[in-house]
1. Which ones in the range A:1-38 are surrounded by 19 or more Cβ atoms within 10 Å (Cβ to Cβ) and assigned to a loop (DSSP other than H, G, I, E, B)?
2. Taking helices (runs of 4 or more DSSP H) that fall entirely within the range B:19-89, which contain at least 2 residues that are away from every other protein chain (no Cβ under 14 Å), closer than 29 Å to A:Y69 by Cβ and not β-branched (V, I, T)?
3. Given B:T85, B:T102, B:T122, which one is within 16 Å of B:L9 (Cα to Cα) and under 23 Å from the mean Cα position of the chain (by Cα)?
4. Considering the range A:46-92 alone, what residues qualify as being of a type in the set (S, T, N, Q) and within 13 Å of A:T12 (Cα to Cα)?
5. Being touching a residue at least 24 places away in the same chain (Cβ under 8 Å), in a loop (DSSP other than H, G, I, E, B) and out of contact with any strand residue (DSSP E or B) (no Cβ under 9 Å at 6 or more places or on another chain) narrows it down to one residue among B:T115, B:T94, B:T132; which is it?
6. Exactly one condition in (1) outside any loop (DSSP other than H, G, I, E, B); (2) over 19 Å from the mean Cα position of the chain (by Cα); (3) more than 20 Å from B:R78 (Cα to Cα) is not met by A:E109; state its number.
7. Looking at the range B:174-192, which of the residues that are among the β-branched types (V, I, T), more than 18 Å from B:A155 (Cβ to Cβ) and at pLDDT 85 or above is surrounded by the most Cβ atoms within 10 Å (Cβ to Cβ)?
8. Of the conditions (1) over 15 Å from the mean Cα position of the chain (by Cα); (2) closer than 30 Å to A:E225 by Cα; (3) of a type in the set (S, T, Y), A:T58 satisfies every one except a single condition; which number is it?
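The values are calculated or read from the model by the stated rules, or taken from the named source; none is laboratory data. It should be emphasised that the depicted structure is a prediction, and the values quoted were computed from it without experimental measurement. Cβ: placed from backbone, ideal geometry, glycine included. Neighbour counts: every protein chain shown.
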Amino acid sequence: MTNVEVEVRGLTKTYGNRAVVADVSFNLSPGTVTGFLGPNGAGKSTTLRMMLGLVEPTAGVTLFGGRAYRDLASPARTVGAVLESGDFHPRRSGYNHLRVIAALAGLDEHPIGGVLATVGLTKAAHRQVRTYSLGMRQRLGLAAALLGNPQVLLLDEPANGLDPAGVAWLRSLLQDFTANGGTALVSSHLLAELSQSVDRVVVISEGRLLADTDLKSLQDGRSLEEAYLALTSGVTA
Amino acid sequence: MTVVRAEVLKLRTTRTMLWLLLAMLGLVVLAVTLHGLGLALEDVSKHPTQMRIFIAGQNLGSVFAALAGAAAVTSEFRYGTIRPTLVAAPDRSTVMLGKAGTSALVGFALGLLATVSAAALTLGLLHMRDVTVLLDHDDLLHGILGGAADGALWAVLGLGIGGLMRNQVGAIIGIFVWVQVIENLLIDSAPKVSSYLPGALAQAVAGSRQGSLGTAPALSLLALYAAVVLAACVARIRRTDVA
């Protein structure tokens, strides 16, 4: 795996006079899991979408190994992303969803069986997605993200709907991924879980960067929840 | 080509296209049968009436091709699959042009199936009523090939409208209202203008509209409309924030 550094520089998104994301900058380093925290409506999802080119930034840029996402030679081999748990055609099977993604990304279908096994969906692979639980849809989204064996993972609330075994599995997946030099950004509201998974933390609120630091510095002897609430209450009060 | 392959795979892995095809063939049978059996024997013995029976089924190919084209993009927004699609293939122009190419192929096939089945059913009904068939080889071949070309171009028009509206229900209603209401109103209120509208052009391409443009000019103008609407759609999709 080639290490890929991610640079987020001055990302800004405004709708009219309202800034949803304002001049947010941070770096993601290979071999680390970075937690992406913030209250509802803080701008996390918009930031992730801007990083992937789904939302056009009003200003700023995101570089993956020095290149914007759409300029990557093979985006799916560099970045894997999970954005929403419901982004599937309900009457298409999980297996066929992955075949479509592989075809779009110019990937071979060969790894599909492997990623389905990795996320624990082998038995349900040929069922229509409408029969899947929320946790199974999350796993399918993760399977699609892993299909190109990427060097960077951008995951928006990936633990949402996962059972405790699924959460533990996700934690070990992220540990293995970063142990091999991968770069991961994980947005989540499950702070107790996140404190066991992440090395660094980026916190935003009302579209502005509040913290970009390592986990221990932010916690300063407190739980992640206490540290997070202390940081964000000053902004949202 | 990867986008075309993926689009074909999308069509093959749900039953949407099968239902669309069955609905189209069902309506072709209904429309041709109602015309073929409902018209008086004296009328059915005339060439223009026999063409009218054929056209009743032939037109449906274009309408269903437009619906298939619209669905190719509106279903992506309806189910949220536009996000994984654009994450996997971030060049939006390539994605939309791939969709246009696939839609044109699907529209051609729908147009061909509608016209071939309309022709076979028309001939069958005329034989059943012991009427001399006045439709000749040229009428049928022109109708079938023209109908297939109409299907291809209407599918691209439908895709463009779908991409501009993005709302699936809105796009479907818009296409039906245009075909069934607006063009029909304009035929009576502004006959000169109506010859240049997409529905009239489709009929001219298939050789089934009197006193209008010839096949080649009609085909060229319809292709121009499809290209303009597709260009507007690509420009819109390129600018759209996919939240």
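1. Of everything in the range A:1-38, those that are surrounded by 19 or more Cβ atoms within 10 Å (Cβ to Cβ) and assigned to a loop (DSSP other than H, G, I, E, B) turn out to be A:V4, A:P30, A:G38.
2. Of the helices (runs of 4 or more DSSP H) lying wholly inside the range B:19-89, those with at least 2 residues that are away from every other protein chain (no Cβ under 14 Å), closer than 29 Å to A:Y69 by Cβ and not β-branched (V, I, T) span B:47-79.
3. The unique qualifying residue is B:T102.
4. A:T46, A:T47, A:T58, A:T62
5. Answer to the selection: B:T132.
6. Failing condition for A:E109: (1).
7. B:I182
8. Condition (2) is where A:T58 drops out.
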